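Report on the following structure.
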Amino acid sequence: MNKEQKTRVAFTIATIGAALISIFFTVRRRRKQQESPSSSCYSHSEPKPQWTFKRVLADNSYAPFKHLSCNASENGSNLHPFEAEITALLRNDQPEIELSAEKLELKDSYVWVETEMQLKELVNVLSKERVFAVDTEQHSLHSFLGFTALVQISTQQEDYLIDTIALHDSMEILRPVFANPSICKVFHGADNDVLWLQRDFHIYIVNLFDTSKACEVLSKPQKSLAYLLETYCGVITNKLLQREDWRQRPLSAEMVLYARTDAHYLLYIAKCLLLELKQLDNENSCSDDKFHFVLEASRRSNMICLQLFTKEIEASPGESAALSLFSRHQSNQGFPSVSNETQFLYTVRQLCTWRDLMARIHDESLKYVLPDQAIVALASRPLASHAEIFNTIVQIDMNAEIGLSSRIPSPSAVVDSHLSDIHHLLANELVNHGDIYSVILQKCLGQNGSCKLNIFNYALLVNINPRPALSYKHSSLKNPKQHSRKASRNLFVKKFSCKSPVYHNCRIFANDGRLLCYCDRKKLEWYISRDLAKLIEEEPPAIMLLFEPKGRPEDEGNDFYIQSKKNICVGCGEGSHYLRYRIIPSCYRIHFPEHLKSHRSHDIVLLCVDCHEVAHVAAEKYKRKLASEFVIPLYVRKVIHPGQETENPNDEGGVSPLQLRTAAMALLRHGPRMPLDRREELTETVKRYYGGREISEEDLERALQVGMSPHERRKFEKKRGISFKHSMENAAAMPKRENHADSAPSRMSNGDPLNFDTLDGSYANAETTGDNREDSFGKPSLASDLAVDGATSNGNTILVTTTDYDEDSTQAKHNSKLSLLGHGPHGKQVVDHLLKEYGEDGIREFCQRWRQVFVDALKPRFLPAGWDVKHSGRRDFGDFSIYNRDKKQLLQNE
Ligand code: AMP
Ligand code: MN
Ligand code: ZN
């Protein structure tokens, strides 16, 4: 045996040994539990520190997070309570930052704050300071959302460590000093701390100086705190301590030292960085077009404060985790191949739902409850006994934990207490009685539930609403007609909804660690294959760009582009199917000036079939309203006799080119053989085009050419004789849309990859891949209008909706077809009118009107945070971007 083999054998023995020990202890634990079956869950016997909290702002229910309200009458809002104060700071040309801290060694003593009295004294001290430094430590393994376990505050005189577990319910005392604009708070990398303080205490920061932002502005080679501590203070820290269990009390001496160090030197470091910034400002002062370094650092810092904490709420619990797991499995990244993929996905989903709910009920992290790899292993092969399930999980955890801390017990206490659930779930026996959500809730938290009810989980039970939708709302099937409607709806869903998740939630980080955007895997691969980025996280995958992108999403004062997008209907939260919906109808948008189209991702959302129908109907109605408002008729209309025409655009006697052409075609081909009522219906359609007069065969033939480009017309003329002998499909159906799955990466490769704007392709991609229905959306009830039905086409039902294609990206190529889908010249005329009368502001206002129509019609509850009716449509350079000096000026004048 060579050395390597020996090591491997020794290692295997150690692994098996550890597994056996683990099994031994777990079996003992379970025996103990079985003695008292009514309280079989570990939650009864293992108390957690967070159960002492009396008030919890972010519990584990699906209810959205409520922010502190600035208005006393409201209770909880989704607005930033200090937006005005922060915006005022952002607009201030000359930020007054006074930092005079001297470098001080750590004293032997510090103040441990654990009573309300002590906290009040601290507030007294802080309210007299001009500046203080802050850092926080979190606990996230045994908590669903994580919680703040420690807050470190340092003044020039003292280091304070606040026990935020003991003082959880009193922390609000600190709100005023944190929100006081005349006291500067120094953080290093405050992005997360800002959100954590909101989540746990409704503490909002106004007036922030972030030393990592200062580093960024100064183009420091590194911007980690460890680097700053070493260069400015000669202090070496062990950053591994950030992963310690910060719930423990008392804290070890080492942890106290780490925690103090994180805050103690910040005032001095901030002073040094500020000096450098000022120096650069002075060196630059003679030039006209000068870059304000201090101002920029201050603005970038305070931009962080505008962020708002949100709970991630998905359509059905665990759905996004399941899809991510499944797509990983499909791309075959180290997972065993599975013969029955449908069964596999089904089981993965069930396990993810179970895990999500169990994590919420027990206030544990997903990772702790059941790691992803264990879910894949459990779903990959049939497992019969409890022991098999148990051993599978232990084995996976053993393999996964090599090299990492092995303190996470395997399997988790949650799995251990509820192993029979997994057993039933894998045997498909858990959900016989209803949906898995209710079954688990009942079993765990119901009247004789096995688990402890507490402040984090009771809202799951009490507030059944809002609860996420798990499957479609079941419509009652009372009569056959309804049944067939349902069947055709299901068919429609099957045929036209997106075939795979639209948003992959892969992430792109800048080289300073800031999140730039979410995107799909293709884009990640594009960057990596060109050595423009490195992979920094496996799942969900994340890359870091190796170059400096030309702008940051946060520069724009709009965090929309960095919000994780969920694959759910933004209307009702349905997650089992969705279609893309364009809030601003293409018939207008394709005529917008190119640079105003770039904001597409904001105005393309996912909707389920039902919400799609509601939105579509409202949009069609609004188009008619616009037609009357602008006096631009919606439909093409040919009027034979001059003088007979009615110029009243409200007159809805017109007909869309598509409708006209399909009706004419059907009449020409099958007219004589058609059932009478169908023939009359189609004849009415064509008559509407001719102003209501009787029509001849010749009129029908002419109607066929409406909406065709000259080129198309020539082709049509040439083919006409033959086409009538062929099936309808050849003549009436339009070409199948091309697959644009590759368009985003290829577009980037043509363009300038160093321009951040190309990152917008993440959502451009969302609209160029997969199916998309919009104007031609044919819900079952509409299908008869759009389709030539069975009777007219030898039993071939032709849904016009199958011929959809992406109108934007193929605009040039397919321009000739556009007139067929829209309403003839209406869209272009409206856009031309707006541009002529109001310029680009007119277009922006027009978009806002459409968003309002959408919101009014659907009352969407699941729009991504940051989505805004008032969305500006600017995405060239942000208002606070260092590349944008003009706009800075503009903003100040606003
Ligand atoms: P810090 O201010 O750098 O000490 O980090 C604050 C908190 O963020 C820590 O208490 C951890 O909960 C969390 N944290 C930061 N980095 C990591 C990491 N690499 N792994 C796990 N947790 C981390
Ligand atoms: Mn820290
Ligand atoms: Zn339990």
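Some notes on this structure:
- Being part of a helix (DSSP H, G or I), open to solvent by 40 Å² or more (accessible area, probe 1.4 Å) and either within 16 Å of ligand 2 (Cβ to nearest atom) or assigned by the TED database to the domain that holds Val294 (or both) is a property that Glu254 has.
- First in the stretch 622-633 and over 21 Å from Ala857 (Cβ atoms) and outside the structural domain of Leu858 (by the TED database), second anywhere and modelled with pLDDT of 85 or more and polar (S, T, N, Q), Cβ under 7 Å, 6 or more apart: Ile632/Gln829
- Residue within the stretch 201-211 that is part of a helix (DSSP H, G or I) and open to solvent by 10 Å² or more (accessible area, probe 1.4 Å) present: no
- Some residue of the stretch 660-676 being modelled with pLDDT under 70, surrounded by fewer than 20 Cβ atoms within 10 Å (Cβ to Cβ) and out of contact with any strand residue (DSSP E or B) (no Cβ under 6 Å at 6 or more places or on another chain): no
- Qualifying residues in the stretch 133-167 (those that are away from ligand 1 (no atom under 16 Å from the Cβ) and more than 18 Å from Ser252 (Cβ to Cβ)) - the one nearest to the chain's Cα centre (by Cα): Leu167
- Taken as a whole, the structure places Val256 among residues that are within 14 Å of Ile153 (Cα to Cα) and out of contact with any Asp or Glu (no Cβ under 6 Å at 6 or more places or on another chain).
- Checklist (1) part of a helix (DSSP H, G or I); (2) open to solvent by 20 Å² or more (accessible area, probe 1.4 Å); (3) within 16 Å of ligand 1 (Cβ to nearest atom) applied to Arg249, failing item: (1)
- Test: residue in the stretch 205-223 that is polar (S, T, N, Q), away from ligand 3 (no atom under 16 Å from the Cβ) and touching a Pro at 6+ places or on another chain (Cβ under 6 Å): yes
- Taken over the stretch 233-243, the criterion of being open to solvent by 30 Å² or more (accessible area, probe 1.4 Å) and touching a residue at least 60 places away in the same chain (Cβ under 8 Å) is satisfied by Gln242, Arg243.
- Selection count, the stretch 368-395, where residues are open to solvent by 40 Å² or more (accessible area, probe 1.4 Å), touching a Ser or Thr at 6+ places or on another chain (Cβ under 9 Å) and under 16 Å from Leu419 (Cβ atoms): 2
- Reported count of residues in the stretch 30-66, each being assigned to a helix (DSSP H, G or I) and at pLDDT below 85, is 8.
- Hey, His188 open to solvent by less than 60 Å² (accessible area, probe 1.4 Å), within 16 Å of ligand 3 (Cβ to nearest atom) and within 29 Å of the chain's Cα centre (by Cα) or not: no
- Per the conditions (1) surrounded by fewer than 18 Cβ atoms within 10 Å (Cβ to Cβ); (2) in contact (Cβ under 8 Å) with a residue 24 or more places away in the chain; (3) within 14 Å of ligand 1 (Cβ to nearest atom), the sole criterion not satisfied by Tyr227 is (2).
- Scanning the stretch 214-224 for residues that are of a type outside the set (Asp, Glu) and in contact (Cβ under 8 Å) with a residue 40 or more places away in the chain gives Ala214, Cys215, Val217, Leu218, Lys223.
- Test result for Ser127, touching a residue at least 12 places away in the same chain (Cβ under 8 Å), surrounded by fewer than 17 Cβ atoms within 10 Å (Cβ to Cβ) and either more than 16 Å from ligand 3 (Cβ to nearest atom) or within 18 Å of His264 (Cα to Cα) (or both): yes
Conditions tested, residue by residue: (1) outside any helix (DSSP H, G or I); (2) out of contact with any helix residue (DSSP H, G or I) (no Cβ under 7 Å at 6 or more places or on another chain).
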| site | (1), (2) |
| --- | --- |
| Glu312 | yes, yes |
| Arg328 | no, yes |
| Arg355 | no, no |
| Asn391 | no, yes |
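- Some residue of the stretch 258-267 being of a type outside the set (Asp, Glu), closer than 24 Å to Asp108 by Cβ and more than 16 Å from ligand 2 (Cβ to nearest atom): no
- Close pairs from the stretch 194-213: first in the same structural domain as Leu266 (by the TED database), partner open to solvent by less than 10 Å² (accessible area, probe 1.4 Å) and of a type in the set (D, E, K, R), Cβ under 7 Å, at least 6 apart: Ile205/Lys185; Asn207/Lys185; Leu208/Lys185
- Checked against (1) more than 14 Å from ligand 2 (Cβ to nearest atom); (2) among the hydrophobic types (A, V, I, L, M, F, W, C); (3) over 38 Å from the mean Cα position of the chain (by Cα), Val235 passes all but condition (1).
The values are calculated or read from the model by the stated rules, or taken from the named source; none is laboratory data. Computed from a predicted structure; not experimentally measured. Ideal geometry is used to build each Cβ from the backbone, glycine not excepted, and the neighbour counts take in all protein chains shown. Heavy atoms of the whole protein, side chains included, go into the accessibility calculation; ligands, DNA and RNA do not. Shrake-Rupley method; radii C 1.70, N 1.55, O 1.52, S 1.80 Å.
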